[in-house]
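Below you'll find the structure, written out as structure tokens, and then a few comments.
The values are calculated or read from the model by the stated rules, or taken from the named source; none is laboratory data. This structure is a prediction, so every number in the text was calculated from the model and none was measured. Backbone-built Cβ (ideal geometry, glycine too); neighbour counts: all protein chains shown.
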Amino acid sequence: MMRDAGVMLVAGLGVPVLAAISSQLGSRLGAPLAASVVALAVALCVAAIAALVTGQNGGLARVAAQPAWLWTGGVFMAFYLLSITWIAPRFGVGNAVFCVLLGQMIAAALIDQFGLFGALQHPISLTRALGIGVMALGLGLIQLG
């Protein structure tokens, strides 16, 4: 459990790093969309290597048999990368990532509340709702500063 939390913490640390690096590449190329293509190509290579090394590449044979809506995760990933690469240079990496984080908290709470996409159902408590509200207030305060 703690190891999983540690991995996810590192993944979270990587989000603003990804935003900063991708926005810089997009600015240097003069083409944020091209920078997103590069990042996604590298991500595809890393994921393919990881699947091969761990022996999990056999699951790829079953992909075509899955419902099409399960493929939309790639659409969301591409949208995130495209939007952060395009917007972060103008809006600021911190501002962009804070907005993304608030969106993640709202979506995660709704997914858990209703058990969407096969997730375990975990009702939104008053404490959880207040936490999201405090995050929204914090985002507003950050925007003022």
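Could you list, in sequence order, all residues of the stretch 38-49 that are small (Gly, Ala, Ser) and more than 18 Å from the chain's Cα centre (by Cα)?
The answer is Ala48, and nothing else.
In the stretch 119-138, what count of residues is obtained for those that are of a type outside the set (A, V, I, L, M, F, W, C) and assigned to a helix (DSSP H, G or I)?
Result for the stretch 119-138: 5.
Cβ contacts < 7 Å: first residue touching a residue at least 40 places away in the same chain (Cβ under 8 Å) and part of a helix (DSSP H, G or I), restricted to the stretch 1-25; second residue of a type in the set (Ser, Thr, Tyr) and surrounded by 10 or more Cβ atoms within 10 Å (Cβ to Cβ), any location; separation 6+ or different chain. Result?
Close Cβ pairs (under 7 Å, with a partner that is of a type in the set (Ser, Thr, Tyr) and surrounded by 10 or more Cβ atoms within 10 Å (Cβ to Cβ)) amount to Ser22/Ser36; Ser22/Thr85; Ser23/Thr85.
Please go through the stretch 88-108 and pick out each residue that is hydrophobic (A, V, I, L, M, F, W, C) and touching a residue at least 12 places away in the same chain (Cβ under 8 Å).
Ala88, Val93, Ala96, Val97, Phe98, Cys99, Val100, Leu101, Leu102, Met105, Ile106
Yes or no: the stretch 61-76 includes at least one residue that is outside the structural domain of Val37 (by TED's automatic domain parsing), without any contact (Cβ under 8 Å) to a residue 40 or more places away in the chain, within 30 Å of Leu25 (Cα to Cα) and not small (Gly, Ala, Ser).
Taking every residue of the stretch 61-76 in turn, none turns out to be outside the structural domain of Val37 (by TED's automatic domain parsing), without any contact (Cβ under 8 Å) to a residue 40 or more places away in the chain, within 30 Å of Leu25 (Cα to Cα) and not small (Gly, Ala, Ser).
Residue-by-condition table, conditions (1) surrounded by 10 or more Cβ atoms within 10 Å (Cβ to Cβ); (2) at positive phi; (3) more than 17 Å from the chain's Cα centre (by Cα):
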{"residue": "Ser36", "(1), (2), (3)": "yes, no, no"}
{"residue": "Ala51", "(1), (2), (3)": "yes, no, yes"}
{"residue": "Gly55", "(1), (2), (3)": "no, yes, yes"}
{"residue": "Arg62", "(1), (2), (3)": "no, no, yes"}
{"residue": "Leu70", "(1), (2), (3)": "yes, no, no"}
{"residue": "Gly73", "(1), (2), (3)": "yes, no, no"}
{"residue": "Met77", "(1), (2), (3)": "yes, no, no"}
